[in-house]
Amino acid sequence: MVQIDEKIESMYQEVLKRNPGETEFHQAVLEVLESLGPVVAKHPEYLERKIIERICEPERQIIFRVPWQDDKGIVNINRGFRVEFSSALGPYKGGLRFHPSVYLGIIKFLGFEQIFKNSLTGLPIGGGKGGSDFDPKGKSDDEVMRFCQSFITELYRHLGEHTDVPAGDIGVGGREIGYMFGQYKRITNRYEPGVLTGKGLTWGGSLVRTEATGYGATFFVNEMLKARKDSFDGKICTVSGSGNVAIYTIEKITQLGGKCVACSDSNGVIYDEKGLDLDLIKRLKEVERRRIEEYVKTHSHAKYVPKGNIWDIPCQVAMPSATQNEINGHDATTLVKNGCIAVGEGANMPTTPEGVKVFLEAKIAYGPGKAANAGGVATSALEMQQNAGRDSWSFEYTEKKLEDIMINIHRNCFETAEEYGAPGNYVLGANICGFIKVANAMVAHGLI
Ligand code: NDP
């Protein structure tokens, strides 16, 4: 791991002081700041204009009450967030997360990473993130609808196709986006598809958006493997989670010749030596909204391990696709020891700093989330393009665009790492490449 430059150390200390208790945000900031020493040495103007200090302070943070009634008529109160981090490259763009663990520190870590991720896509989008501590699990459709309506009734005034464009994340998929879009339309009396992405295909959504994050992460790993004269062909893979990102990661790995043997949810791990039955997983998770343990009801040869650790299962390619900090130093060591040669992060910040250190020291192909999972937001930006042109592209055309974007991101990270003397270090490559574009735009826009 690169040591933090002493000029930047005091900026990090200031972030700790100004944002007490927000540990995930601290972690995300440190990871980027550690890479920036050689950048400020080349660009003293970034120091003079306090670009780093400014980038660490969100442009705007919105926190609001979300009252809603459950099916029994009982009033519930949740807290809503939207952190509009940076509009240097375009309107704020980033998903909404509905999960009981959500608090300001989670939204800020996600929003901060989003700035650089969105920059890496090469598309004109700024960085933001939002969500709520609402737990959609176990709620009826009507309850989810009432919550989404209340949430957007407050947030709508901050949104707009040129201002701020949310999408999905954990706990927010097509159903939730639909309810929020409906309420937005009702309040504003405007059919404005460009205000949210991840919409349904018959009312402004883009083909491939559902698949995009998982497909994109797999394309990224494929490029890392190609750079090492290797491929997915015949590789044993494990993919944590069983939500949107995990499902389409498994699908694309399988299409590229790999074999996925394990996935998970927050209750446990499924191991199927014969290769996961993706149709069953899609039915359980996307249609019936059930738990992954039900997989073994029809596939008795497979194993379900309650509270198991998916990273104990030997694999050549690991794709964490559930949540932050799901691979610690010990897990990373186990993966490397068991012969893992590539890790591609579908999730955001799924590896702890100790885990990242293990991967970098072992010199395996390690694709950090802000590069590897950028395909989701990139396809959201393609959805915005289609909405602006009142157009609708074919699956093949959109998927090709996504693949080209991921190939480009890989190339830029790879080349930047080489340029800065750290060949093969995609963490450094992604951070520097993502940062420079935002920093230059901030310099050009003056002190705002
Ligand atoms: P989903 O809600 O569709 O799925 C999340 C999956 O992760 C579920 O299987 C969930 O299990 C599991 N999970 C969540 N928390 C935990 C936990 N603490 N321990 C173990 N498993 C857990 O979300 P997505 O697939 O959309 O998001 C997954 C990750 O990908 C997140 O980090 C997200 O930020 C990131 N991401 C998503 C993008 C997108 O386009 N959707 C874009 C870029 C990144 P359970 O049902 O038990 O909670």
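The values are calculated or read from the model by the stated rules, or taken from the named source; none is laboratory data. Please read these numbers as outputs of a predicted model, since none were measured by experiment. Glycine gets a Cβ as well: all are built from the backbone with ideal geometry, and neighbour counts include every protein chain shown. Calculation scope for accessible area: heavy atoms of the full protein, side chains included, ligands and nucleic acids excluded. Shrake-Rupley method; radii C 1.70, N 1.55, O 1.52, S 1.80 Å.
How about residue 437: which lysines have a C-alpha closer than 19 Å to its C-alpha, ignoring those fewer than 8 places off in the same chain?
The qualifying lysines are 42, 50, 93, 117, 370.
How about the range 223-298: which trypsin sites (Lys or Arg not before Pro) there are in a DSSP loop, with at most 10 other Cβ atoms within 10 Å of their Cβ?
Counting only loop positions with at most 10 other Cβ atoms within 10 Å, the trypsin sites (Lys or Arg not before Pro) in the range 223-298 are 229, 274.
Report the net charge of residues surrounding residue 427, where surrounding means a beta-carbon distance below 11 angstrom and charges are Lys +1, Arg +1, Asp -1, Glu -1.
In short, -1.
When ligands, DNA and RNA are left out and all protein chains stay put, how many square angstrom of accessible area per residue does the range 60-192 have with a 1.4 Å probe?
Dividing the accessible area of the range 60-192 by its residue count gives 37 Å².
Can you send over the carbon and sulfur percentage of the accessible area for the range 330-448, probe radius 1.4 Å, protein chains only?
54 percent
Ignoring ligands, DNA and RNA, please state the percent of accessible area on the range 2-55 from carbon and sulfur, probe 1.4 Å.
53 percent
So with the 1.4 Å probe, I'd like the accessible area per residue for the range 2-55, rounded to whole Å².
50 Å²
What are the ³J(HN,Hα) couplings of the range 297-302, residue after residue, when phi is run through the Karplus curve with 6.51, -1.76, 1.60 and θ = phi - 60°? Round to Hz, x for glycine and proline.
Values, residue by residue: 4, 9, 10, 6, 6, 7 Hz.
Name the GluC sites (Glu not before Pro) in the range 277-382 that are in a loop by DSSP and that have at most 16 other C-beta atoms within 10 Å, would you?
Counting only loop positions with at most 16 other Cβ atoms within 10 Å, the GluC sites (Glu not before Pro) in the range 277-382 are 288.
Using helices alone, I'd like the mean residue ellipticity at 222 nm for the chain: each DSSP H run of four-plus residues gives -39500 (n - 2.57), total over residue count, nearest 500.
-14500 deg cm²/dmol
Expressed as a whole percentage, what fraction of the accessible surface of the range 121-256 belongs to carbon and sulfur atoms when a 1.4 Å probe is rolled over the protein heavy atoms?
48 percent
List the trypsin sites (Lys or Arg not before Pro) in the range 333-426 that DSSP assigns to loop (not H, G, I, E or B) and whose Cβ has at most 16 other Cβ atoms within 10 Å. Which are they?
363, 390
Could you tell me which of rounded, prolate or oblate describes the range 335-448, using a ≥ b ≥ c as the square roots of the eigenvalues of the alpha-carbon gyration tensor, with rounded for a/c under 1.5 and, failing that, prolate when a/b is larger than b/c and oblate otherwise?
Since a/c reaches 1.5 but b/c is at least a/b, the shape of the range 335-448 is classed as oblate.
Of 199/282; 129/185; 303/357, which ones are farther than 24 Å apart at the Cα?
Violating the 24 Å Cα-Cα cut-off are 303/357.
Could you list, bin by bin from short to long, the percent of Cα-Cα pairs of the chain in 20 Å steps?
With 20 Å bins starting at 0, P(r) equals 27, 60, 13, 0.
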